[in-house]
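Taking it in order: structure first as structure tokens, then the write-up.
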Amino acid sequence: MAKQIIYYSMTGNTKRVCQQLAAQLDCSAEGILAPFEGKPGLLKILKLGYFALTRRKTRITAPSVRTAANDMLILGAQVWAGTLSTPMREFLATGPVLPDRVALVLTSGDPKYPAQAFDEFARLVGQRPVACLHVSEAEAKSDSFGSKLDEFRAALLQQGAA
Ligand SMILES: Cc1cc2nc3c(=O)[nH]c(=O)nc-3n(C[C@H](O)[C@H](O)[C@H](O)COP(=O)(O)O)c2cc1C
């Protein structure tokens, strides 16, 4: 089964998680580009939070989904203003043809599991995810998400991601 990871990461946390996962699964991890790069100050955080809350559209450059129906795609993004970040939302709005098995990764500043953002992510994907991984910003920055990654990978392997 082919595997592919597509993620958005503005400040590097989601990228770090997705790249480690890609190395372990021996697949590619490709980033979505959006015009928000650079370290966010308070004003930018407020602006982007507002964009996320008001479902503002944005321009993105996204990798192509190369997985076929019975492959596995892992999507990685982050929580903005309690909801799914704008670039991943935009990617899903382009209507990419997704395989039957999609797994989700979310990072957030809050260490609490972001159930609402995951629900929304799954609703926009249009199917029940085969597995969900949440990594907090603190865990991502201190590289202390190894056991969570192991559990997530085990769930993916159970779904046939050999
Ligand atoms: C605009 C903006 C809004 C955010 N809103 C939230 C939030 O509502 N809840 C939360 O837990 N973290 C929030 N965060 C923190 C990010 O989810 C967290 O830092 C995440 O790991 C960033 O991912 P990245 O480094 O891949 O871009 C926000 C960050 C930004 C930039």
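To keep it simple, each residue is scored yes or no on (1) in a helix (DSSP H, G or I); (2) at negative phi; (3) more than 13 Å from the chain's Cα centre (by Cα); (4) among the charged types (D, E, K, R).
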residue: Pro99; (1), (2), (3), (4): no, yes, yes, no
residue: Ala117; (1), (2), (3), (4): yes, yes, no, no
residue: Phe121; (1), (2), (3), (4): yes, yes, no, no
residue: Pro129; (1), (2), (3), (4): no, yes, no, no
residue: Leu133; (1), (2), (3), (4): no, yes, no, no
residue: Asp150; (1), (2), (3), (4): yes, yes, yes, yes
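Taking the criterion of being among the polar types (S, T, N, Q), touching an Asp or Glu at 6+ places or on another chain (Cβ under 8 Å) and within 14 Å of Val79 (Cα to Cα), the only residue of the stretch 1-21 that qualifies is Asn13. Considering the conditions (1) surrounded by fewer than 19 Cβ atoms within 10 Å (Cβ to Cβ); (2) farther than 18 Å from Glu137 by Cα; (3) modelled with pLDDT of 95 or more, Ala69 is excluded by exactly one of them, (3).
Does Lys112 fit the bill of being within 10 Å of the ligand (Cβ to nearest atom), in contact (Cβ under 8 Å) with a residue 40 or more places away in the chain and more than 16 Å from the chain's Cα centre (by Cα)? The answer is no for Lys112. The combined condition, being surrounded by 20 or more Cβ atoms within 10 Å (Cβ to Cβ) and within 15 Å of the chain's Cα centre (by Cα), is fulfilled by Thr86. Could you list, in sequence order, the residues of the stretch 135-148 that are part of a loop (DSSP other than H, G, I, E, B) and either at pLDDT below 95 or touching a helix residue (DSSP H, G or I) at 6+ places or on another chain (Cβ under 6 Å) (or both)? Selection gives Phe145 alone.
The values are calculated or read from the model by the stated rules, or taken from the named source; none is laboratory data. The structure presented is a predicted model; accordingly, all values stated were derived computationally and were not measured. All Cβ positions, even for glycine, are placed from backbone atoms using ideal geometry, and neighbour counts span all protein chains on display.
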